[in-house]
Every structure is written in C-alpha cells, then in structure tokens.
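For reference, the structure is listed below as structure tokens.
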Amino acid sequence: MNAAMTRPSCIPVRGKRQRAVQVVAAASIAACALAACSSSSSGGGSGSGGGGKTGTITVAVVDNPLMSTIEKLTPAGFAASHPGIKVKFVTLDENTLRDQVTKDVAAGGGQFDVVMIGPNDIPTWSKNGWIKDLTSDASDPNYDVNDIIKPVRDALSADGKLYAVPFYGESSFLMYRKDLLKAAGQTMPANPTWDQVAAIAEKLNNPAKGVSGICLRGKTGWGENLAPLNTVVNTFGGQWFNTNWDPQLTADPFKQAVNFYVDLIKKAGERGAANDGFNECLNNMEQSKSAMWYDATVAASTLDAPPSPIAGKLGFAPAPVVKTSAAGWLWAWALAIEGSSKHQDAAWQFMNWATSKDYVKYDAQKNGWAAVPPGTRVSTYQNPEYQKAAADFAALTLKSMQSVDVNHPGVADQPYSGIQYVGIPEFADLGTKVSQEITAAIAGQESVDSALSKSQGYANQVAQSYK
Amino acid sequence: MTPPTSTLAPPTVVSKRAVARTRRAGGWTRRVPLLPALIFVVVVTQIPFLLTVWYSLQSWNLLHPGTKHYVGLRNYRTIFSDEIFRTAVVNTVIFTVAPVILSIVIGTGIALLLDRKVFGRGLLRTLIVSPFLVMPAAAALVWKFTILDPVFGLLNFFLKPFGVHNVDWINSHSQATIITVLTWQWTPFMILIVLAGLQSQSQDILEAARVDGADGLRIFRSLTLPHLRPYLELGILLGSIYIVQAFDAIYMITAGGPGQKTTNLPYYLYEVAFRGFDIGRASAMGVVVVIATIVIATLALRLISSLFSDEGMAGR
C-alpha cells in the first residue's frame, strides 16, 4: 500500500506521480468508453441482401405521437405479411432528423432507406437526384394516388412528378378549452383575429393556478418557433424577402408581428416558452397547464382522442388573422426513398402500406378513428366513422388545408414558395439562426429590435446569391 | 497496488560500443510490433486532418452539388470576421474554465469527506461517482425535463415553499445551467483522482503532525495540499482537455441558445457543418480550433511539467 514510505526521500514524489498517472489513466479510459458509447448512436442501416424486394430497411422518422403508433403497428401489420422485409425505425427529434437526413442524402451516405421529409425539401432534393421519383410506383390503382388531398400532393411534387407520399398532413389552427372559456365568460368567435385571441388569452391566464392563457412555441429551430410565428408574420402583412430578394425582417409589419408574438407569450403564454416546441405544448395541454394552443391541426388527433385526459373538452377555430382572410400553414410529414438506397423496392412496399387507405383503417381498428393520421386522404374525410369520431376538428382541418396558398400566403408577393418557411435550401441554416434570436427575445435575453436587426444581417448574406 | 518498479538497471560494466550495437539492433525489434498501431493512428488521425486542410480551401456546400471550387484562404477570412465565431470562442473559454475550477474545488471537498471512515463508505463512494457513469445525453435530458423544467421541474417544486417558483432556469440562466451540468458531471472524475492521492498519503506523517500539535486546517494546508499538488494538476489538465469539447449538454439542453449565449466552438462547428452543410467553412473552423488547441495544450503541458520538476527538485 504505502510504497512511498519505505523509499529514500527523493522517491516519494515519483511514486506519488506514477500513482497519479495510473489513476488518471484508468479514469480516462472510462471517459473514453463513455464518449464512444455516446457518439456512436445510430450506425449504418442497410443490412445484407441485394437490391431486391427483401432486406432490412431503415426508416428515419420524427418523434411525434403518430410515428410511435406506426412503429408499434409495423410488426403485426406489415412485417407479418412481408416476411422478407425487416423494418428498422430511427426516431429523432425534428431538428436532429433534418440534420441527419440532409447529411445522409447530400453525402449519399445510404444510412437510411426511407426518410421523413417535408414539402420544403422537394424542389431542391428532386433536382439533385437525392430522392427517388415515385410517380410510377404510386400509379398502382390499389394505391389510388388521386385520393391524396390535392394541396399536399402538389406540395410533394416537382415538375409534375411525385417525390414523396404523405404520412400525415396538417394545417394550423387554434385549439381551446371550451370549459375554461365558459368558466371565464368568454366566447370564441368563428373566425378570430389575433387581437381577440390575445384578449381571451389574458383573461384565461392564471399563473396562481399554473394555467397559462395560451401555449406558443418558442423553441429554437425553423420548424419549431418559426412555424407559428411566420403565419403571424404573413397575416400582419410581413414577409422574409420582397420580390427583389431584399430581406424584410426589419420592416414594420415583420417587427409588429414579432413584437405581438413575444408580448403575447410574456403576458399570457406558458412559463419557459423558450424551450417549448410541439411536443412540450402538447404535454402542457394534456396536463391542463394551458387553456389555448395555436399549432398544427394534427395535435387534435392526440388531444381529442382517448386516452387524452382532455378529450371532448376542446373547441377549434381557424388560424387567427389580421390582414389576410386565412393564416394557416401547410405541412406534411412525408416519406421518400433515398436515391442511394439499395432496397428501393422493399422501401416502396413499406411506404405503400404506411400511407395507404388500409393503414388508416388498420390504425382505426387498433386505436379508434379519431387517432388516425389526418390530412392525407380524401377518403378518410369521407368515411362516416371518421366524421363521427373526429366531428370537432375533421372538417376544419380539411378546410384549413384547402384554403392555403403556398405561393402567396401573405399580403405582398413573394419570390419563394412556402408559408411557414422559405423554400430555399439555405433556409435550414438561416432559419435556425433567426429562430435562435427569436428564442432569445422570448426568453427576455434580447430585445425584439436587436434580434431582428441581427436576423436581417443573416438574411442579407443569403439573399446575395439570389439577387 | 504493486509498488512502482524501479527503471534503473543495476550497474554493470559493459563496453560502450557493445551497448551501442545492441541498442541499434534492439531498436527495430522493439519498434516493429508498434508499427501497426502507428499506421493505424496515422490513417485515422493524420490523413483526415490533411483532408480537412484541403477542404478548408474549397468553397463546398453540400446543398449545392457541383459547385465545389478552390477559393484559397477565403473561408479563413470569413471565420475571423464572423461575430458568432468570436462569441463561440469566448463561450468555450467560459465553459471550460468555470466547470474545471468548480469541479476541482468541490471534488477535493468531497474526496476529503470520503477519505474519512464513515458507515457505508463503499456505497457512498459508488453513489457519488455515478454522475460520471451516466450517459451524458441521458443526463442532459434528466436535467432539462426532470429538474429544470419551469412547469414540471423538481427544482421549482422544492423551491416553492421558499417563494421561488416558476423560474425558467434554462433560459434566464442559460450559461449557469450549462456550467452546473458540466460541473455535476465532472466532479466525480476529480473526486476519483484526489481520493487516490489522499489514500497514498502516509498516515505516519499525519500522526507525527498531530503529535506535534497541528490542527486539521494546518495539516491540510502544510501536508495534504502539497501532497495533492500533482494530482490536482493532472485533474485540471485532463479535465480541461475533456470539457473543452463539451457538446452533449449544450446540444440537448439549450441548443446553443438563447441567441448565442451557450454556443461554444464544438456546437457552432456542428451547426455550420451539419445544418448549413458548409463543409469548406466548417473545415476551416476545425483547422483553426486544432491549431489553437495545440498551442494552448503545449503551453499548459510545459507549465505543468515545469511544476512537476520544481517539486522534484524541492523533494531532493
């Protein structure tokens, strides 16, 4: 034990030092092992087997509730009837999913076979050959591609060719607790304006009971806080770029919209809004911590269906407006096949099942009609059982989705397509930077003016290549 | 626990030439078995580094296939005029220095307590070391959602009786949050090192000091602390090397925000490389970071080894 004691006076120092080195070496080995296991998360995907109809396909999906449903239903619903195909799900949060999937397709990595993407990716990805043209696969009469809601189908096509099939589609609307509004003596107008919504939110806000008037996203990410915020910007008459590609982030309408959004969160929003995205607000609503929520229509399929504790207590209104007649967004989480995938046939088999009418019925059998993936197929909305189960939100969802104009969502003309995003490849980076500034403004770490003037600078750099 | 073996050979009388001959022959027989490892290291570290240098001279964005071209040092100019990069440098320094100092101080304190004979010491040690064994990403999520969440978090729940509640810790104290999580994670590492140092301290000397009438504080200052010095120095050095690369906690808890308050260099590099897909600029950043790290590490290592030899001299 105490070797140092028995040695001459000069040795203890060295013994001590060597000991320290031994200890440290052991500790650093442990540290390296930890680092290794934390960084080697999702490894390579495609297993053995050639390009045929069999093999392991790796599917990258976003971590929203409907995706965990399909993951649960896949073994019995799909794998049992397709014994040659093994489906491996990789579930990631929205920001990580985009980073990983874009990296994989852009570098031709082949880590994933089926990827979940959005309409904003379609124009560039199809042009670059990163995703497979699905037109001929989807023309199978059993698949009935024309049953897919037209705005969604158009958003997922480029040059008349279909590049992705929607797992679910959504617009945005306002969800509110009928019981809480009634208790406070408030009524929701049929087509509310943002001022009316703000007034109701302030009445319902009750910090003493831990209930916020409204839940709004503040989390960093262009698909997180910028999605609802951009619909507010559009209806206030703002836009990202004018038709000459001059950034408009410091123009008056944009400033008014952001100030309104940030003020509303400060006055009547949830605590810690700067960390909240879709899933956090969903949780707040389920736990009765928020009285209203402006977000994706798909949330209704989780909130207003059993086992949600607030099922049946919800009312729905169209996206609040100011200067436009409608303000909802259009989004679809859609499945596409990577151009570099070695299992394209097997991948299509899976996508065919996952986005088919049969999947909707199968999900309904297992989880009830109100919880099926919405916003994809007209037949779902024509089904009397769905109309009955989702009576409160089905019609409004369909109407919201059909009332959007992806190329002209605001007041002025814009040179890009997209409602809650700017349809250019640089937007992932630009949008993230701007959303960081917005988060800082929501967290009270920065003024809206300074957040927007920084953002204007970022947008200027991007705009140079488009002028 | 074996005593360190002496590396000094017994003094034997051999002619100088014979020594030189055996050395030459023995040199290669000793080096050959090392070659596979050496080649492996070169392949996995040096070749990628050279490639990175080459990429850093290109304008190459993965989102625009087919536009890759040579631009000389333009990427480096962009970096040094980039305000976020400068913020990230400052944040990296904050997120390295603060956790290292805090964890070494707290770690020493806990190690001193654990060195005493108390009931259930073994269990206590295992529990205290556990933060280091939890996967960093999982730990970050626990901090974010279970402890610091403003609505559901445990911290606000426990502070409520004291009139503190509904505090949005992560956003209003973002830098403190990251520093706390890193300190929590790395304190056990420091405890392990310091505890080993304490246990190698000779009990006889301590007893002699007590007989001479020294109190606890005096013993700590004059005997324990000098004895612990090499351990503390190594803890600081290794802690800095690991913590400077902190990524998990920042990615999971704050995503670099709000604004750029918690963006450090590794996180900013990730954003440029895997969100902007600007491979050229990200490579240039990587090169700058490596050069800066080598310079700082060389200086730090030199400083520390000089401290060691100082102590060696004093020991004589």
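Coordinate-derived values only; no laboratory data. Being a predicted model, the structure only gives us computed values, none of them experimental. All Cβ positions, glycine included, derive from the backbone under ideal geometry; neighbour counts span all protein chains shown.
Within 15 Å, Cβ to Cβ, of B:Val142, how many net charges do the neighbouring residues add up to if Lys/Arg are +1 and Asp/Glu are -1? Result for the local shell: -1.
Taking the Cα centre of each part, how many Å lie between segment B:80-100 and segment B:55-72? Going from one Cα centre to the other spans 27 Å. Among residues other than A:Leu452 with Cβ under 15 Å from its Cβ, the summed charge is -3 (Lys and Arg +1, Asp and Glu -1). Karplus-derived 3J(HN,Hα) values for segment A:148-160, using 6.51 cos²θ - 1.76 cosθ + 1.60 with θ = phi - 60°, are 6, 3, 4, x, 5, 4, 5, 5, 9, 10, 9, 6, x Hz; glycine and proline are entered as x.
I'd like the trypsin sites (Lys or Arg not before Pro) in segment B:109-198 restricted to DSSP loop residues with at most 11 other Cβ atoms within 10 Å, sorted by number.
When the trypsin sites (Lys or Arg not before Pro) of segment B:109-198 are filtered for loop state and at most 11 Cβ neighbours within 10 Å, B:Arg116, B:Lys117 remain.
Amide H contacts of A:Phe167 (H built 1.01 Å from N, in plane; Pro and chain starts excluded): A:Trp333, A:Ala334, A:Leu335 sit under 5 Å, all sequence-distant by 5 or more or on other chains. Here's how it looks for A:Phe241: its modeled amide H is under 5 Å from those of A:Gln248, which are all 5 or more places away or on a different chain.
Across the protein assembly as shown, Cα-Cα distances exceeding 37 Å account for 51% of all pairs.
Rounded if a/c is under 1.5, else prolate if a/b is larger than b/c, else oblate: which is chain B, with a ≥ b ≥ c the root eigenvalues of its Cα gyration tensor? Since a/c reaches 1.5 but b/c is at least a/b, the shape of chain B is classed as oblate.
Would you mind checking the pairs A:Lys203/A:Lys323; A:Lys88/A:Lys289; A:Lys289/A:Lys366; A:Lys203/B:Lys261; A:Lys72/A:Lys289; A:Lys103/A:Lys388 and listing those with alpha carbons more than 32 angstrom apart? Checking Cα-Cα distances, A:Lys88/A:Lys289; A:Lys203/B:Lys261; A:Lys103/A:Lys388 exceed 32 Å. Ordering A:Tyr143, B:Tyr268, A:Tyr261 from the fewest to the most neighbouring beta carbons within 10 Å gives A:Tyr143, B:Tyr268, A:Tyr261.
By the count of neighbouring beta-carbon atoms within 10 Å, fewest first, A:Met188, A:Met285, B:Met135 end up ordered B:Met135, A:Met188, A:Met285.
Of the residues A:Asn460, B:Pro150, A:Pro119, the one whose Cα sits farthest towards the positive end of the charge dipole of the protein assembly as shown is B:Pro150 (charges of +1 on Lys and Arg Cβ, -1 on Asp and Glu Cβ, taken about the Cα centre). Sorted ascending by nearby beta carbons within 10 Å, beginning with the fewest, A:Ser288, A:Ser450 become A:Ser450, A:Ser288. Karplus-based coupling profile of segment A:323-335, in residue order and whole Hz: 9, 9, 8, 9, 9, x, 9, 10, 8, 9, 8, 10, 9, with θ = phi - 60° in 6.51 cos²θ - 1.76 cosθ + 1.60 and x standing for Gly or Pro. For segment A:175-236, the direction-averaged projected area of the alpha-carbon convex hull comes to 5.0 nm².
For a straight C-alpha distance cut-off of 17 angstrom, the lysines reachable from A:Lys150 (same-chain residues fewer than eight places away being disregarded) are A:Lys161, A:Lys357, A:Lys399.
Taken as Cα centroids, segment B:227-266 and segment A:399-435 sit 38 Å apart, rounded to the nearest whole angstrom.
So for segment B:35-315, averaging the separation of alpha carbon pairs under 8 Å that are six or more residues apart and normalising by length, what relative contact order in percent results?
31
Looking at segment B:63-114, the trypsin sites (Lys or Arg not before Pro) that sit in a DSSP loop and have at most 15 other Cβ atoms within 10 Å of their own Cβ are B:Lys68. For A:Val321, nonlocal amide neighbours, meaning residues 5 or more places apart or on other chains whose placed amide H falls under 5 Å from its own, are A:Thr193, A:Trp194. Other residues whose C-beta falls under 9 angstrom from the C-beta of A:Ser435 contribute a net charge of 0, scoring Lys and Arg +1 and Asp and Glu -1. Compare the Cα positions of B:Gly66, B:Leu223, B:Leu159 along the charge dipole of segment B:35-315 (+1 at Cβ of Lys, Arg; -1 at Cβ of Asp, Glu; about the Cα centre) and return the one farthest towards the positive end. Working it through, the farthest residue towards the positive pole turns out to be B:Gly66. Using the structure shown, list the pairs from A:Lys255/A:Lys467; A:Lys313/B:Lys160; A:Lys86/A:Lys342 with a Cα-Cα distance above 19 Å, or answer none. Over 19 Å apart, Cα to Cα: A:Lys255/A:Lys467; A:Lys313/B:Lys160. Computed from point charges on the beta carbon alone (+1 for Lys and Arg, -1 for Asp and Glu), the dipole magnitude for segment B:35-315 about its Cα centre is near 320 Debye. Can you compute the helix-only [θ] at 222 nm over the protein assembly as shown? Use -39500 (n - 2.57) per DSSP H run of at least 4 residues, normalise by all residues, nearest 500 deg cm²/dmol. Calculated mean residue ellipticity at 222 nm is -16000 deg cm²/dmol.
Rounded to the nearest whole Hz, the Karplus-based 3J(HN,Hα) values (6.51 cos²θ - 1.76 cosθ + 1.60, θ = phi - 60°) of segment A:297-312 follow the sequence 4, 5, 4, 4, 5, 8, 6, 9, 10, x, x, 4, x, 10, 4, x, with x at glycine and proline.
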